[in-house]
Amino acid sequence: MFAEKVFPILTPLAVDPAHPFPYISGLSLNLAVVVRNPVSDKELFARVKVPDQLPRLISIDGPRAGAVPGRVARFIALEEVIAVHLDKLFAGMEVLEHHTFRVTRNEDVEVEEDDAENLLQALEKELLRRRFGPPVRLEVTTDINPNIRALLIRELGVEESEVYSVPAPLDMRGLSVIAGIDRADLHYPKHMPHTSRYLNESETSKAANVFAAMRRRDILLHHPYDSFSTSVQAFLEQAASDPKVQAIKQTLYRTSGDSPIVDALIDAAEAGKQVLALVEIKARFDEQANISWARKLEQAGVHVVYGIVGLKTHCKLSLVVRQEVDGLRRYCHIGTGNYHPRTARYYEDLGLLTANDQVGEDLSKLFNQLSGYAPKSTFKRLLVAPRSVRSGLIDRIETEIRNARAGVPAHVQIKVNSMVDEAIIDSLYRASQAGVKVDVVVRGICSLRPGVPGLSDNITVRSILGRFLEHSRVFAFANGGDPVVYIGSADMMHRNLDRRVEALVQLASSDDITYVLDLLRRYMDPDTSSLAS
């Protein structure tokens, strides 16, 4: 296997006066090799890149290994196969030692939007430069020769504090090969999302009329339990094919490589509808994909815009305008997750399908703000960053503080991916000191410290561990017995609240509010698998 599939694509790079230290691409796995010339007895250094094109872990027992009960599945790492054949790469030299290492480069992209005449072209140029960003981390194995470690530090220009010594193997992404073995006992039972009962009210194989269902009531979706394809995707596909639909407006932050959402927008534009796509081409590490989508959409006749200068557009919005007997009606979707059919299968998210006039009016204003000039728009059912999400949530927390002091039921419940905004955290500390019960569910980083005497005695923080990635953002307030609940795209971070366009929508249906409050209670249940503090 080495001779036929690996050896032909390997390129050993020597380091000597005639060969400078090679460029090491970010996140590539490499072998640092020391060889000796038997004639001159001189030791030399070389680098061999482990090819990305080949599987990182190679099955010794064939592709079906592990799929048959009782049959052993054994794997060997590609770098180990290369290591034992290094003499083939350095014929005539004596191989003394080898070590694996990996470099992480700063791949942040910065474009001065005010100075860029064409944001798309400026970002493309910046993407070409990104792969040559400065190293910010060097990973080496714990058994590396100190001299080789020092050489890598010197040649890469990293600080001692940026070196991480970890046990082999480096780059654990390769373990996905093992995770993919077709063995039922190594996997969760297959999850089959269902169609929301409000979109499937009759026993029929025919797809539901999403517009008719939305006219009957607001529809709260909970992915991946509720199917994305028979709800959000069906909403946009039906909008694209419906001759009564006049216009579609859509934000795209991340989507899949074979996106049916993009296909629906293209179909709608080609059918003569007015289609606006707000593509966030600065979505980190999806920049190139989003540039490709933007160009594809433009070629189909879609009006493509890139949002407001200086702000990322992170809100998850769809607006469909339809001609009906009594005039134009607006149909809306507001979600907590991206329009990404693949991640919708394993990201937990909430979304609202609604034909409510107030929400439709709010979304029209917000899209006008994003595509044109409407900086002072005001909203009825939405909180929109960077103007009103932080202040709106703090106002709600202050209401809970007043209610607690007045002896009225007071409770704040928040579910987010990150909780680091000082103003929000300080307001939650004030709420705790006033006797307000505060429950916070945070998937990632959290700077809120619960249980500190005199400061946060009434605050509980949990991180849910489960099958699906907890991605939804929820904000619930007891409001003296008349609960107020928001869902939306914003985490409690400076970048979300100050440098992004985010949207939270207030739920109106008592059934939807009850569902979300029950969900939050389940998150805080001691029997729910979690990390608690």
- [ ] Scan the range 316-329 and give yes if some residue there is under 27 Å from ARG467 (Cβ atoms) and assigned by TED's automatic domain parsing to the domain that holds GLU270, otherwise no.
- [x] yes
Open item on the list: Can you tell me which residue is nearest to the chain's Cα centre (by Cα) among those in the range 472-494 that are touching a residue at least 12 places away in the same chain (Cβ under 8 Å) and surrounded by fewer than 21 Cβ atoms within 10 Å (Cβ to Cβ)?
Closed with: MET493
Task: All helices (runs of 4 or more DSSP H) inside the range 167-266 with 2 or more residues being modelled with pLDDT of 90 or more and of a type outside the set (Ser, Thr, Tyr) - done: 210-216, 232-241
- [ ] Would you point out which residue out of SER456, SER463 is in a loop (DSSP other than H, G, I, E, B), farther than 28 Å from ALA355 by Cβ and among the hydroxyl-bearing types (Ser, Thr, Tyr)?
- [x] SER456
Task: Filter result (of a type in the set (Val, Ile, Thr) and at pLDDT 60 or above) within the range 84-126 - done: VAL84, VAL95, THR100, VAL103, THR104
TODO: Please find, among ASN338, ASN403, ASN417, the residue that is closer than 27 Å to ALA247 by Cβ and crowded, with 17+ Cβ neighbours inside 10 Å.
DONE: ASN338
Task: Members of the range 269-278 found to be over 14 Å from VAL304 (Cα atoms) and in a helix (DSSP H, G or I), listed by number - done: GLU270
- [ ] Could you pull out the residue among ASN368, ASN338 that is among the polar types (S, T, N, Q) and part of a loop (DSSP other than H, G, I, E, B)?
- [x] ASN338
- [ ] Take the range 11-34 and flag every residue that is at pLDDT below 90 and not in a loop (DSSP other than H, G, I, E, B).
- [x] LEU13, ALA14, VAL15, ASP16, HIS19
TODO: Evaluate the range 397-410: report whether one residue or more is closer than 20 Å to GLU502 by Cα and over 25 Å from the mean Cα position of the chain (by Cα).
DONE: yes
- [ ] State which residue is farthest from VAL232 (Cα to Cα) when the search covers only the range 341-358 and only residues that are within 26 Å of the chain's Cα centre (by Cα) and crowded, with 20+ Cβ neighbours inside 10 Å.
- [x] GLU348
Open item on the list: Exactly one condition in (1) on the phi < 0 side of the Ramachandran plot; (2) surrounded by fewer than 17 Cβ atoms within 10 Å (Cβ to Cβ) is false for GLY157; which is it?
Closed with: (1)
Open item on the list: Scan the range 144-163 and tell me whether some residue there is of a type in the set (Gly, Ala, Ser) and under 30 Å from the mean Cα position of the chain (by Cα).
Closed with: yes
Task: Odd one out for ASN496 among (1) more than 29 Å from VAL408 (Cβ to Cβ); (2) in a loop (DSSP other than H, G, I, E, B) - done: (2)
- [ ] Would you point out which residue out of ARG396, ARG390 is buried (at least 17 other Cβ atoms within 10 Å of the Cβ) and touching an Asp or Glu at 6+ places or on another chain (Cβ under 8 Å)?
- [x] ARG390
Open item on the list: Filter the range 454-477 down to the residues that are among the polar types (S, T, N, Q) and touching a helix residue (DSSP H, G or I) at 6+ places or on another chain (Cβ under 8 Å) and list them by number.
Closed with: SER456, ASN458, THR460
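The values are calculated or read from the model by the stated rules, or taken from the named source; none is laboratory data. The model shown is predicted, which means the values in this text are computed figures rather than measured ones. Ideal geometry is used to build each Cβ from the backbone, glycine not excepted, and the neighbour counts take in all protein chains shown.
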